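Here's the structure we're looking at; comments come further down.
Since every read-out is calculated from the coordinates, none of them should be taken as a lab result. Keep in mind that what you see is a predicted model, and the values were worked out from it rather than measured. Glycine gets a Cβ as well: all are built from the backbone with ideal geometry, and neighbour counts include every protein chain shown.
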Amino acid sequence: MMIVMKEGATDDQVRAVVDRVESVGCSAHISKGDILTVIGAIGDRDRVAALGLEGTPGVDHLVPILKPYKLASAQFRKGERTVIDVDGRKVGGEHFALIAGPCTVESRDQTLEVARVVAEGGGSMLRGGAYKPRTSPYSFQGLGAEGLRLLQEAKEQTGLPIVTELMDVRDIPDVAEVADVIQIGARSMQNYTLLSEAGRTGIPVLLKRGLSSTLEELLMAAEYVLKEGNEKVMLCERGIRTFETAYRFTLDLLAVPALRELTHLPVIVDPSHAAGRRDWVKPMSLAAAAAGADGIIVEVHNQPEEAICDGPQAVPTEGFADYADQVRLVAEVAGKELSRV
Ligand code: PEP
Ligand code: MN
């Protein structure tokens, strides 16, 4: 249930409603917009209805949220879009983020060189995995703590905020020290303990769509983060599994306008993992920006042919500035401004 407070409702009136919601065993999530405050009451709808909150001082009206996800639903923010501020780089609303970097942190030279090119080319944030979800347990699994240290060094040199994957709750203390955005990978999208714990860090979360997940399942996963009081969730379309085998995954670009209708959360597109080939990455990036995405997360490498992981889909550093310029232009046509360092 959504409790819409009157314009000018006082903090005491909001507090009194929250107390009553909690008194019947439900949780209350306050969302303060520019004009209105909305309280999301999560739990048994009948119990909230039985409170008879209509007519309580400060309360304007009550709206039932019919979707199974509540805090993620567009209805919850009454049409306002969530804008996430990552160390000064904004994502969502009119702000477009270009997140770029290697699939995996491999070495100091590689990480610092790619970071420099991303910063100079106008990227918004640096991506790079220190913990990698690999299909084979015999493949390179990431540099772990050493990889995090190199990302920290790249951040200090370039000022780029860091986006890096968290796979295991046991790594939270180390990852939280370096990550400005915690990436939850496609394979972890339904690891509900991981989602809740990532939510509890309060650090923005980039949540990738599972390989075979519906948009509703993605939004329910986001709900796990949101319910911990962490409103800073970005959703990421990265390609889904279909009968088509001509490319790595099927990039579901319709997810962009569909999610923008269903939720207030920013929507990011990862063209790299769907394409699997670098010559397909740019056209799909431009298409994503044109479709209204709030950002792109793309893989970049200084020596793609030597990359330990995902080299064939990496944009080479030589071409990054040109690529970023074109993405920026299309984002501008779609009414968004690129957030830069
Ligand atoms: C990645 O971003 O490097 C990655 C492994 O992505 P996904 O979880 O979407 O496969
Ligand atoms: Mn990758």
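The distance separating the Cα centre of the stretch 143-201 from that of the stretch 273-292 comes to 25 Å. Computed 3J(HN,Hα) for the stretch 34-50, one whole-Hz value per residue from the Karplus formula 6.51 cos²θ - 1.76 cosθ + 1.60 where θ = phi - 60°, is 5, 10, 10, 10, 10, 10, x, 9, 9, x, 5, 5, 5, 5, 5, 4, 5, glycine and proline marked x. Simple rule: put +1 on each Lys or Arg Cβ and -1 on each Asp or Glu Cβ in the chain, find the dipole, and look at Val114, Cys26, Val298; the Cα lying farthest toward the positive end is Cys26.
For the chain, the mean residue ellipticity at 222 nm estimated from helices alone is -10000 deg cm²/dmol, where every DSSP H run of n ≥ 4 contributes -39500 (n - 2.57) and the total is divided by all residues, rounded to the nearest 500.
Axis angle, to the nearest 10 degrees, between helix 11-23 and the longest C-alpha principal axis of the chain: 90 degrees.
Remark: the stretch 254-269, residue by residue, has Karplus-estimated 3J(HN,Hα) of 5, 4, 5, x, 5, 5, 5, 7, 7, 9, 8, 6, x, 10, 10, 10 Hz, where x stands for each Gly or Pro and the curve is 6.51 cos²θ - 1.76 cosθ + 1.60 at θ = phi - 60°.
Backbone geometry of the stretch 151-164 corresponds, through the Karplus equation with coefficients 6.51, -1.76 and 1.60 at θ = phi - 60°, to 3J(HN,Hα) couplings of 5, 4, 5, 5, 5, 4, 6, 10, x, 6, x, 9, 10, 9 Hz, x marking Gly and Pro. For the stretch 43-131, trypsin sites (Lys or Arg not before Pro) are listed when DSSP marks them as loop and at most 15 other Cβ atoms sit within 10 Å of their Cβ; the list is Lys78. Here the Gaussian network model covers the chain, with springs between Cα atoms less than 10 Å apart; of Val24, Val163, Val315, Val24 fluctuates the most.
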